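J.: If you scroll down you'll find the structure; I have some questions about it.
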Amino acid sequence: MGALNSLPDEPQYVGLAEKTGFSFEQIGILHKRFKQLSNNGETLRREDFNTIPDLLCNPIRSEIIEAFFDRRNFRQTDAVGTVHEIGFGEFLLVMSHFRPPSIRLDDEQKEVIRMEKLRFLFNMHDTDNDGTITLEEYRHVVEELLSRSGALGKETAKGIADAAMLEVASISMGHMEPDEFYEGITFEHFNKLLKEFEVESRMNIRFMNMDTTTLCK
Amino acid sequence: MALSCQPLGSFPPRLSVCVLLIVFVAAASASHDAPQDGTHDPTNVTHKKGFPVLLFNYDHVRTPFEISLWILLALLMKLGFHVIPRVSQVVPESCLLIVVGLLVGGFIKAIGEKAPALDDTLFFLYLLPPIILDAGYFLPVRPFTENVGTILVFAVVGTLWNAFFMGGVMYGVCQLEGGQLASVDLLSCLLFGSIVSAVDPVAVLAVFEEIHINELLHILVFGESLLNDAVTVVLYHLFKEFSAVGTVTVLDGVLAVVCFFVVSLGGLLVGAIYGVLGAFTSRFTSHTRVIEPLFVFLYSYMAYLSAEVFHLSGIMSLIACGVTMRPYVEANVSHKSYTTIKYFLKMWSSVSETLIFIFLGVSTVAGPHAWNWTFVVVTVVLCLVSRVMGVIGLTYVINKFRIVKLTKKDQFIVAYGGLRGAIAYSLGFLLPDHPMKTLFLTAIITVVFFTVFVQGMTIRPLVELLAVKKKMETRRSINEEIHTQFLDHLLTGIEGVCGHYGHHHWKDKLNRFNKTYVKRWLIAGERSMEPQLISFYNKMEMRQAMMMVESGSSAKLPGLISMQNIQPKVESRGRTIPKISKGREEEIRRILRSNLQQTKQRLRSYSRHDLFADPFEDMNENLSEMRFRKQRVEMERRMSHYLTVPANRQETPPVRRVRFESDDQESSRESSGVRARNVGPNSSPADAISVLEESPPLRPNRRSDGGARRSAEHGAPATDDDDDDAEEEKGEPQTQARRVSDPGPN
């Protein structure tokens with residue numbers, strides 16, 4: 001196939017394939033896309049994401065773009081902070097969070113994948129890297145989701161975020177004294193909250209094996 | 001049989017009523033030839049009898065009487081099964097009902113009468129639509145659309161495979177067997193195959209409802225049973241036509257394919273049109289709430305009938321109508337109408353299902369049968385074999401395109417859950433007088449019995465044995481809703497970054513189209529602009545509030561953790577309420593408590609056309625003193641919390657507020673007060689309670705129903721007014737109970 005014949009960086013691809021689990025064809029296609037977005041450069045910057053028309057009308061586009069530059073998603077342990085530009089390797093690493101789990105995995109490996117995906121979501125909410133999602137951060141999330149509704153969105157977002165936080169607190173803590181203060185959603189609470197959410201089967205997109213990127217911009 | 005296992009000592013009243021009913025039914029069917037009493041004797045005036053005090057005129061009410069008796073019998077049977085617990089856990093209800101039908105049929109035959117058979121008009125026009133509408137209206141759209149590709153493949157390709165495989169192999173067997181069967185030609189066999197190959201939605205619903213498997217499998221099997229109707233219709237008509245003629249040309253084959261597309265897409269189109277009409281109509285029903293449910297039912301039924309006129313797929317039309325109508329209707333109708341729709345649909349579908357199974361049993365006894373061991377046994381075996389082969393083969397292909405693959409367990413359940421039912425029987429019944437008709441009918445009945453009894457009874461232990469994932473019983477929380485939406489946007493965004501238009505992209509486009517154009521037309525008033533998250537949130541709040549009142553305790557709510565636990569304490573904001581001493585607190589509390597006992601009453605005139613009446617008026621009678629006291633305690637606790645939290649007034653004004661108002665006449669009970677509201681000290685008891693304060697940025701709710709407005713209560717910040725008023729009126733603050741008048745749909 002055409003894609004296979006034009007794989008220049010064969011050894012690099014092997015390393016990437018092992019790290020991310022993509023197949024060679026998929027890596028090739030994503031590399032083409034990367035080049036397209038970065039105007040044939042070696043790195044992607046935040047501005048390059050603005051060329052994607054679909055992202056423009058997405059209410060959470062800033063979070064999505066940030067996620068690509070968040071070092072916590074690069075699978076390096078204990079890395080925090082953001083970078084200004086990413087290479088293809090990091091791009092692929094972030095994308096690999098959305099790969100569907102293989103059917104041949106056993107339960108333990110599925111659990112690992114589930115944790116990874118949950119961690120990605122958590123990092124998207126926890127913008128100040130302190131390990132908890134505070135009420136303010138959660139409110140911001142809901143506000144973004146409702147950002148289309150104009151002025152109305154801001155007030156109701158607060159209400160909804162408050163109710164959601166109450167729910168998390170009650171699920172995680174059960175009962176609290178009136179003067180205790182719930183700091184924020186930690187990763188364990190987040191996990192407990194979304195236990196029934198089936199992240200591992202929902203947070204996937206289809207990565208094509210055939211080159212269809214020419215069909216759409 | 002269930003009933004005959006009763007202890008012999010007592011003759012339970014239900015049983016005797018049932019027996020009486022059975023006797024009645026039989027006697028009623030038998031008596032139509034009996035001459036009436038000689039009361040109609042105008043010519044004979046010389047022979048004057050006394051004035052007839054008591055007459056017997058059965059003919060007059062015969063038809064409705066018999067119908068009602070049948071339905072009553074069916075429902076009493078259904079009741080009876082649940083009295084005997086162990087039986088209903090082992091044997092699915094459908095089996096028990098068929099057995100009852102068999103008994104009734106046997107009884108009727110024994111007394112020498114002709115038992116009514118499952119008439120196809122009765123079945124297709126009256127018994128089937130309620131079940132399909134119920135299923136379609138409450139179809140879980142999200143899993144359905146996520147798996148629609150898989151469902152379509154199973155429905156179309158699977159059914160075609162079944163039909164042709166069965167027809168072909170049957171023909172071969174018939175030819176091999178010779179004798180009586182040699183006269184069966186290929187087209188007849190194909191016709192038979194097409195009738196018996198379709199998975200039946202009624203049977204699937206009846207059995208799967210009781211085993212509670214996970215949503216994916218349920219929607220796969222059920223969706224397939226709904227969508228294969230188009231295939232069945234086309235194949236059936238095709239082979240029926242040509243069975244008469246004897247040959248099929250290539251042109252006919254091509255036309256059949258075209259016909260398939262016309263039938264299915266046409267059915268969907270008809271349903272969608274009626275659905276849009278229904279949604280549009282419901283936009284204007286704010287002043288005549290009582291007839292709202294009728295619109296839903298009638299438009300859907302019209303969709304079904306209209307599709308049947310053109311021989312389009314009535315089932316698909318009905319499903320399309322329900323699915324199209326539902327989101328808009330739910331946004332428009334009142335809460336009570338929504339409940340009415342839900343319960344009427346469930347009621348009708350339940351009755352229909354029961355009647356179908358009983359009639360199936362009765363018809364089995366009644367109908368002419370022609371038993372042929374080879375034919376019947378081969379049919380049953382082939383059904384299973386072709387289903388299994390079809391599922392395995394198709395899954396192999398489908399899994400290449402699915403993100404979440406189907407495991408072997410899933411495949412087994414899908415294959416095993418392919419039950420046949422009454423539709424197959426009725427289609428067989430509909431056959432014109434075919435030389436093999438009785439043979440076919442016998443075989444169909446045997447297959448139906450086999451699938452319903454054997455597969456229906458064993459599927460539950462098999463599900464347990466294979467540890468198939470069961471349905472999650474948890475209700476959707478606000479967090480899950482937030483994350484569902486978040487995930488949708490995230491995945492759409494990532495697809496955009498990846499650069500290909502996938503599933504999420506198109507879904508997003510459809511949603512945006514829906515929001516900008518369609519909702520504007522089909523949803524009344526302000527609600528058309530309401531984002532989904534907000535409507536979900538409001539529904540949830542409503543549900544919680546109602547739950548709290550019903551249960552009378554606060555345990556259900558996450559109320560053990562209140563707002564102050566999560567609000568960061570910002571000292572710098574400054575307290576707008578000066579700290580009050582403990583003594584003052586006590587005094588305030590006492591005042592509030594004493595005023596909780598006085599509720600405003602307002603006499604409302606009851607009119608059949610208004611729906612003002614308090615939804616909790618029934619509950620008022622049930623509220624015991626103890627529950628009332630518990631509520632008060634809870635209210636006091638909340639008061640004390642709110643009194644100590646600095647009022648962050650500007651921060652979170654509520655979206656909408658609900659006012660609950662007690663409508664009862666008793667003075668000393670705060671019946672439905674969840675949180676009390678303080679109004680100005682000058683309001684007198686006779687004043688209209690529905691004074692609403694709405695914060696400026698809120699949209700005023702124009703949908704009034706005779707002056708009563710509805711709004712939804714938002715969480716703790718609603719107490720801001722409590723704080724203010726508590727400070728202002730240390731005198732006689734009057735409290736209000738809340739009133740819910742026609743709140744939005746749940």
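J.: For A:ILE133, what residues show an amide H to amide H distance below 5 Å, using hydrogens built from the backbone and excluding near sequence neighbours?
T.: Residues meeting the criterion, in which the H sits 1.01 Å from N, are A:ILE185, A:THR186.
J.: Once you order the gyration tensor axes a ≥ b ≥ c over the Cα atoms, which shape class does region B:365-502 get: rounded for a/c under 1.5, otherwise prolate or oblate by comparing a/b with b/c? Mind dumping the intermediate values first?
T.: Numbers: a/c = 2.64, a/b = 2.32, b/c = 1.14.
Since a/c reaches 1.5 and a/b is larger than b/c, the shape of region B:365-502 is classed as prolate.
J.: Counting only the heavy atoms of the protein chains, how much of A:ILE133 is accessible to a 1.4 Å probe, in Å² to the nearest 10?
T.: For A:ILE133, solvent-accessible area is about 0 Å².
J.: For chain A, give the percent of accessible area contributed by carbon and sulfur heavy atoms, probe 1.4 Å, rounded to a whole number. Display every interim value, and only then the final one.
T.: Numbers: 5210 of 10130 Å².
Using a 1.4 Å probe with all protein chains present, chain A comes out at 51 percent carbon and sulfur.
J.: In addition: How large, in percent, is the carbon and sulfur part of the accessible surface of region B:324-431 at a probe radius of 1.4 Å? Working shown, then result.
T.: Values: 3010 of 4030 Å².
Heavy-atom surface of region B:324-431 belonging to carbon and sulfur, 1.4 Å probe: 75 percent.
J.: On to the next question. For chain A, go through all pairs of different Cα atoms, get the mean of 1/r, take its inverse, and jot down that Kirkwood value in Å.
T.: Answer for chain A: a Kirkwood hydrodynamic radius of 19.3 Å.
J.: Where in region A:21-112 are there GluC sites (Glu not before Pro) that are in a DSSP coil and have at most 13 other Cβ atoms within 10 angstrom of their Cβ? Before the final figure, lay out each step's value.
T.: Working: sites: A:GLU25, A:GLU42, A:GLU47, A:GLU63, A:GLU66, A:GLU85, A:GLU90, A:GLU108, A:GLU111; in loops: A:GLU42.
Taking region A:21-112 and a limit of 13 other Cβ atoms within 10 Å, the loop GluC sites (Glu not before Pro) found are A:GLU42.
J.: List the residues of region B:480-494 that lose 50 Å² or more of accessible area once all protein chains are present, compared with their chain alone (1.4 Å probe, heavy atoms only, no ligands or nucleic acids).
T.: Listed by number, the residues meeting the 50 Å² cut-off are B:GLU480, B:ILE482, B:HIS483, B:PHE486, B:LEU487, B:HIS489, B:LEU490, B:LEU491, B:ILE494.
J.: Any number yet on Rg/Rh for region B:115-251, C-alpha, Kirkwood? Intermediate values should be presented prior to the final figure.
T.: Values: Rg = 17.4 Å, Rh = 16.8 Å.
Using Cα coordinates only, the ratio equals 1.04.
J.: So, with a 1.4 angstrom probe, what is the percent of accessible area on region B:48-186 that is carbon and sulfur? Walk me through the intermediate numbers first.
T.: On the way: 4920 of 7020 Å².
The nonpolar share, carbon plus sulfur, comes to 70 percent.
J.: Then there is this: Using only Cα atoms, figure out Rg for region B:299-388 and give it as a multiple of 2.2 N^0.38 Å. Working shown, then result.
T.: Values: Rg = 19.7 Å, N = 90, 2.2 N^0.38 = 12.2 Å.
Dividing the Cα radius of gyration by 2.2 N^0.38 Å gives 1.62.
J.: Say each of B:LEU79 and B:MET547 gets a label point 7 Å from the Cα, pointing the same way as Cα to Cβ; how far apart are those two points in nm?
T.: So the label points at B:LEU79 and B:MET547 sit 3.2 nm apart.
J.: In region B:50-152, which trypsin sites (Lys or Arg not before Pro) are in a loop and have at most 14 other Cβ atoms within 10 Å, using DSSP for the loop call? Each step should come with its number before you reach the end.
T.: Details: sites: B:ARG62, B:LYS78, B:ARG86, B:LYS109, B:LYS114; in loops: B:LYS114.
Sites meeting the loop and neighbour criteria: B:LYS114.
J.: Going by amide H atoms built from the backbone, whose H comes under 5 Å of the H on B:ILE213, apart from near neighbours?
T.: HN-HN under 5 Å from B:ILE213: B:LYS471.
J.: What quantity of accessible surface, computed with a 1.4 Å probe and excluding non-protein components, is buried in total between chains A and B, in Å² to the nearest 100?
T.: On the way: alone 13050 and 37310 Å², together 44330 Å².
The summed interface area works out to 6000 Å².
J.: Counting only heavy atoms of protein chains, what accessible area per residue, in Å², does region B:196-281 have with a probe of 1.4 Å?
T.: Values: 3200 Å² over 86 residues.
Per-residue accessible area for region B:196-281 comes out at 37 Å².
The values are calculated or read from the model by the stated rules, or taken from the named source; none is laboratory data. Here the structure is a predicted model, which is why all the values come from computation and not from measurement. Cβ sites come from the backbone with ideal geometry, for glycine too, and all protein chains shown count toward neighbours. For accessibility, only protein heavy atoms count, side chains too; no ligands or nucleic acids. Shrake-Rupley method; radii C 1.70, N 1.55, O 1.52, S 1.80 Å.
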